[in-house]
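The values are calculated or read from the model by the stated rules, or taken from the named source; none is laboratory data. No experiment lies behind these values; they were computed from the predicted model shown. All Cβ positions, even for glycine, are placed from backbone atoms using ideal geometry, and neighbour counts span all protein chains on display. The protein model used for the area step is the full one, side chains on, heavy atoms only, and it has no ligands, DNA or RNA in it. Shrake-Rupley method; radii C 1.70, N 1.55, O 1.52, S 1.80 Å.
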Amino acid sequence: MEIRNVHDVDVHSKYVLLRDDFNVQIVDGKITDTFRIDASMPTIKYLIDNGARVVICSHLGRPKGRFNPELSLRPVAEYMNVPFIDDCLKKDFLLDMADGDVVLLENLRFYIGEEENDDSFAKKLASGYDIYVNDAFAVSHRAAASIVGVTKYLPSYAGLLLEKEITNLTRVLNNPTRPLVAYIGGGKVSTKIDVLKKIVKIADKMVIGGAMGTTFNYALGLPVGDSLCEKDMVGTVNEIIKLAVENNCGLFLPLDKGVGKDFDKDAIRENRDADKIKDDDIIMDDGDKTIARNIDLLNIAKTVIWNGPFGVTEFGKRWGKASFDFARALAEYTKQGKLESIVGGGDTVAVLDTCGVLDDISYVSTGGGAFLEFIEGRTLPGIKVLEK
Ligand code: ADP
Ligand code: 3PG
Ligand code: MG
């Protein structure tokens, strides 16, 4: 699919409504992870350099159409050092803008029309601008007013980040250097069924970890103790295993687990083989043998896709070990030019950030849900409307 991009249009002296995804975590007014904001900078810089008048809009969290001071984008404006407009439908400030100026609008989701893709909200949002640019890959799976609705009212183009996401992910999905090894972890099989079904068709090997690995092991009849496990997913897991066999995709499940007696970051960690999990064990990470096996598999990979941590990484070092060790190894193999690595998913990218290896991975997607839907092969609504 060919899409219209920002290079196709003269932006000089034009009022550009730029949709970014600044849905970042803010704790006590401080942004804890600026990755998405930083990734949006090349387009903003391009527009400034070409004399556009740049008005950025974004959502933050899920305020459900109501003003919520905790979900204000003001801290993002402060981080970017640009003026902040406290209502996304205000227009009076436009008159004061000069070529190359940038401002940030308040959270779009303070209006219910944003998520509902309400036509009159989209029309109001679009009014006063000459051009719309979508650089918000991470929310392009949502048919929102600022993603889809406004394109009815403004000539619309993709920004550089959106284009980069599409190019990189498409290339890896359609033409990976093989072997392609996919590592999929996280909490729930149920949120990733379609991704798993797609991955077994394109990958040479698939490694399953985290609570998702617990559910797979349960389906094979292994004990899971008192752990997070989706017991009603056994049928789905069996379907995925069958698909893996049919598609000649080698499946690698957890060999052992890090377990504790309480779901608590300070719980004492023991290592337990997958067939020896006790009734009162709570699995909170993949075990030492699994960690070593997962890292060893990097030796045969030429391309690696990773989504989903292998443990409760929010609990820090003790229960993040499988994910942190793997992140560091993946970064090292990438740096040494042994493989190409592609990582996506909010919690997974947070692991890279914690380990300080964000810059060592070949491609880190800004998408969470959008990354998964793109891998599934779905056409994201925000991308479809930019088709040439
Ligand atoms: P991403 O955001 O990168 O797509 P997910 O949201 O799918 O990743 O998975 C991350 C979540 O999975 C985290 O909240 C983490 O605590 C949880 N998780 C991973 N392994 C386990 C486990 N063994 N037990 C409980 N939760 C787990
Ligand atoms: C994300 O963080 O994945 C995107 O910003 C989309 O957010 P949403 O799931 O609240 O629509
Ligand atoms: Mg997540």
Can you find a residue in segment 173-184 that is without any contact (Cβ under 8 Å) to a residue 12 or more places away in the chain and over 21 Å from the mean Cα position of the chain (by Cα)? yes
Residue, least open to solvent (accessible area, probe 1.4 Å), within segment 29-43, restricted to residues that are part of a helix (DSSP H, G or I) and without any contact (Cβ under 8 Å) to a residue 60 or more places away in the chain: ILE37
Contacts under 6 angstrom Cβ, first residue in segment 113-140 being on the phi < 0 side of the Ramachandran plot and open to solvent by 50 Å² or more (accessible area, probe 1.4 Å), partner among the aromatic types (Phe, Trp, Tyr) and more than 16 Å from ligand 2 (Cβ to nearest atom), 6 or more apart: LYS123/TYR153; ASP130/TYR15
Residue hits (segment 216-241; open to solvent by 30 Å² or more (accessible area, probe 1.4 Å) and either in a helix (DSSP H, G or I) or of a type in the set (S, T, N, Q) (or both)) are TYR218, LYS231, ASP232, VAL234, GLY235, ASN238, GLU239, ILE241
Inside segment 261-283, can you point out the residues that are open to solvent by less than 40 Å² (accessible area, probe 1.4 Å) and either out of contact with any helix residue (DSSP H, G or I) (no Cβ under 9 Å at 6 or more places or on another chain) or within 16 Å of ligand 3 (Cβ to nearest atom) (or both)? ARG272, ASP281, ILE282
Across segment 197-215, which residue is farthest from PRO254 (Cα to Cα) among those that are away from ligand 1 (no atom under 14 Å from the Cβ) and part of a strand (DSSP E or B)? LYS205
Going through segment 335-362 in order, the residues found to be open to solvent by 20 Å² or more (accessible area, probe 1.4 Å), more than 16 Å from ligand 2 (Cβ to nearest atom) and either more than 24 Å from GLU163 (Cβ to Cβ) or touching a residue at least 12 places away in the same chain (Cβ under 8 Å) (or both) are LYS335, GLN336, GLY337, LYS338, GLU340, THR354, CYS355, GLY356, LEU358, ASP360, SER362
